[in-house]
Each structure stands twice: as structure tokens, then as C-alpha cells.
Amino acid sequence: MLKYLTVYKSVLTTWIKHNIRLNVAILLVSVLSVLAFITCFTFAAAAQRSAGFDFEDHYEVRINTQCDDFPERFADSFPPVKYLQFSNGGQMQESILYLDDDFQNEIRSFPQYARFPKGWEEISPTINGFYRVSEGRDFTEEEVNSASDLIIAAQNSLLKVGEVITVPSLGDGVKLTVIGLSDKFVLPYAFYRAYNYPLNKLSVIFDRPLTEEEVSAGSAAMQSPMELVPGGEAPNSPAYIVSLVAAVVSAVFSALQIFMLFLHLASKSEYQFSVFRVTGCKNKALVFVMLAVTFTYIAFSFILTIPLIFPLSDILAMCGMNGMINARDYVLSFVIYAAAVMAAVLPGYIRAANRSLLKGDG
């Protein structure tokens with residue numbers, strides 16, 4: 001084992017020292033390829049989960065805004081959440097009619113999204129939909145809990161930061177102040193609580209099925225009705241198929257982009273391989289050593305993508321994925337990507353290992 005470890009270190013050192021710019025090119029192409037593959041693969045996985053949601057047994061839970069400790073009761077009453085979404089698609093509510101501050105124009109708002117306090121993330125980290133404030137500012141955590149007169153308006157709503165709007169349907173004199181602009185209307189949870197304004201139901205898949213006793217006890221604890229919605233046979237999602245094909249094509253294309261570079265590095269180790277063969281190292285062992293070095297490059301590329309995961313999550317969230325890159329999807333994408341690259345380089349490595357003539361780097 002020590003002998004093969006020595007061979008591995010020797011080959012890795014030779015490849016790294018051979019051409020720094022070539023190594024930088026390999027890592028750069030690998031990082032970009034990894035990000036492209038992760039994006040496609042994560043889209044595919046998310047599309048499949050979303051498409052299959054209504055075809056799995058799930059539970060619909062009404063949000064009781066007047067229940068002070070709803071998240072805590074939810075977490076105490078039920079097993080961990082496997083997947084969550086809001087009924088009727090996202091957190092969209094019916095539009096609110098409001099008047100501008102001059103009371104001249106009646107404008108119908110865009111659908112609103114609730115911004116929940118941090119404590120609600122005990123239910124699921126994805127309960128707060130993603131949005132990015134382009135002008136003005138975001139809510140503070142205190143405002144999410146207590147400010148019922150603040151709003152973040154949609155960019156294309158014609159509203160401006162600092163503008164005050166009147167909402168007749170909420171009662172006389174109810175005014176909301178625009179503190180920021182985003183891609184959608186966002187109202188703090190305090191708004192829904194103060195005006196007892198309806199929120200969409202949560203549709204939840206738990207880690208395991210609930211017993212009738214758990215459903216009954218949970219509904220009583222949360223002071224909110226809960227019902228089981230039986231699933232059906234889930235068809236394959238077109239978005240899932242397209243995204244998965246794109247992920248596979250991305251992996252294959254990425255492998256084609258860098259496998260010639262790896263084969264070039266392997267050719268620079270022919271003298272070492274000849275020496276190792278003379279000392280009793282088998283061809284198969286040399287192939288495995290080269291694959292191990294290649295795997296090291298790929299693993300290092302994935303490590304380099306870690307700081308980029310959060311901005312990538314934001315981009316995916318803007319596309320409706322709530323900013324979540326599932327850890328399982330990430331690891332699985334690494335395995336598939338690594339397998340694609342190794343399969344591409346394997347024939348060339350076998351040929352390199354079979355060269356037995358003792359010669360220089362030439």
C-alpha cells in the first residue's frame with residue numbers, strides 16, 4: 001500500500017509541476033463544468049420533486065396566524081418535513097386593491113408573498129420564498145414580527161420607495177408604506193396577523209406517514225384543521241427529463257473538454273510508468289493511480305465551487321427553487337460528474353500504462 005501511495009504522490013507532483021497554466025486551465029474548466037452540471041442536475045431533481053408532489057400522499061395544513069407559537073407546536077407535533085410547498089402554487093394570494101397616496105388611481109396589486117419570522121424556518125428552511133430587494137431596504141426581523149404597515153412592492157407596480165398606499169378593504173385609514181422594491185410584493189407576517197388576513201395552506205410531505213392520532217392531536221395543538229390528500233401515480237415531468245438530459249450532456253461535454261488535457265499530463269509520466277513497471281508495478285495499478293490523481297483534481301474542483309454555492313443558490317431561487325441546493329443532489333452530481341470524466345480518460349490511461357519502453361520525457 002505504501003508503494004502505491006508513493007507512486008500516487010509522484011504522479012500527482014509530476015502533473016502539477018509540468019505546466020502550471022495547464023493545471024489552472026483544467027481547474028477553471030472543471031469548476032465551470034461542475035457549476036453547469038450542478039445547476040442542470042439540481043433543476044432536474046427539484047422539477048421531479050415539485051412535479052411529483054401532488055402525486056404523493058401529503059397533508060394540507062391551514063396556517064393559523066392567531067396561534068402565537070404555531071412553528072413550535074408544528075415542530076413538536078410532527079416528524080421532520082421532507083418537502084413543503086404552498087397550496088395553489090407558492091405563497092400567492094388574491095391581489096389587494098389599493099389606492100396611491102393622491103387617491104387618484106385605483107391599482108390592483110400583484111400577488112403577495114409572506115415574509116415569515118426566522119422561527120418559522122423550524123418547519124422548513126424553504127418556507128420563506130426568495131426575493132431580492134433592488135431599491136430601498138428589506139424588513140428587519142423585528143418588523144417581520146411587529147410591523148403591519150410596511151410593504152415591499154413589485155418593481156413593475158409603479159410604486160416608489162417611501163410612497164404610502166391606502167387599502168380600503170382592510171378598514172378605514174389603513175395605510176401601508178413602501179420600504180423597498182423587489183421582483184414581487186412581500187408583506188411581513190405581522191400584516192397577516194394584525195388583519196387576520198388569510199394565508200395559503202401548507203402542503204407538506206413528512207419523513208414518514210402520520211397516524212390518525214397524530215393528525216388529530218396536531219390539528220388540535222395548532223388550532224388549525226389538517227387533512228390528508230392521497231396521491232396518485234406520478235408521471236415523469238417533462239422539465240425533469242429535459243433537465244436531467246441537460247445534466248448528462250453537460251457532464252459528457254465537460255469530460256470531453258478536459259480529458260485530452262489529462263491524457264497530455266499522463267503522457268508526461270511515461271518515463272515514471274516505465275520505471276514503476278520495472279520495479280514490479282502492474283499496469284492495472286498504474287491505471288488506478290492515474291484515476292486516483294484525476295479524482296483528486298475533480299474533488300479539488302468541487303471544493304473550489306463551495307464559495308460559489310450561495311450565489312448559485314440565489315440564481316436558482318430566482319427561478320423558483322427557493323434558493324436550496326439539496327446536499328444529496330450536490331453529492332450525487334459529484335459522483336455522476338466524476339464517473340463521466342473517469343470513463344472518458346480510462347481508455348487513454350490504459351494505453352499510457354501499456355507503454356513499457358524505458359524512455360525520457362522526450
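The values are calculated or read from the model by the stated rules, or taken from the named source; none is laboratory data. All of these numbers come straight from a predicted model, not from anything done at the bench. Don't worry about glycine lacking a Cβ; one is built from the backbone with ideal geometry, like all the others, and counts go over all protein chains shown. Quick note on the areas: whole protein, heavy atoms, side chains included, nothing else; ligands and nucleic acids left out. Shrake-Rupley method; radii C 1.70, N 1.55, O 1.52, S 1.80 Å.
Kindly indicate whether any position in region 261-280 is over 22 Å from ARG21 (Cα atoms), open to solvent by less than 40 Å² (accessible area, probe 1.4 Å) and modelled with pLDDT of 80 or more. No - not one qualifying residue is present in region 261-280.
Note on region 155-185: residues that are of a type outside the set (A, V, I, L, M), open to solvent by 20 Å² or more (accessible area, probe 1.4 Å) and touching a residue at least 60 places away in the same chain (Cβ under 8 Å) amount to 5. The listed residues are ILE325, ILE306, and the only one of them that is modelled with pLDDT under 65 and either closer than 30 Å to TYR131 by Cβ or surrounded by 15 or more Cβ atoms within 10 Å (Cβ to Cβ) (or both) turns out to be ILE325.
Within region 199-222, restricting attention to residues that are touching a helix residue (DSSP H, G or I) at 6+ places or on another chain (Cβ under 8 Å) and in a loop (DSSP other than H, G, I, E, B), the residue that is nearest to GLN85 (Cα to Cα) is LEU199. When you look at SER146, is it hydroxyl-bearing (Ser, Thr, Tyr), at pLDDT 80 or above and surrounded by 16 or more Cβ atoms within 10 Å (Cβ to Cβ), yes or no? It is false that SER146 is hydroxyl-bearing (Ser, Thr, Tyr), at pLDDT 80 or above and surrounded by 16 or more Cβ atoms within 10 Å (Cβ to Cβ).
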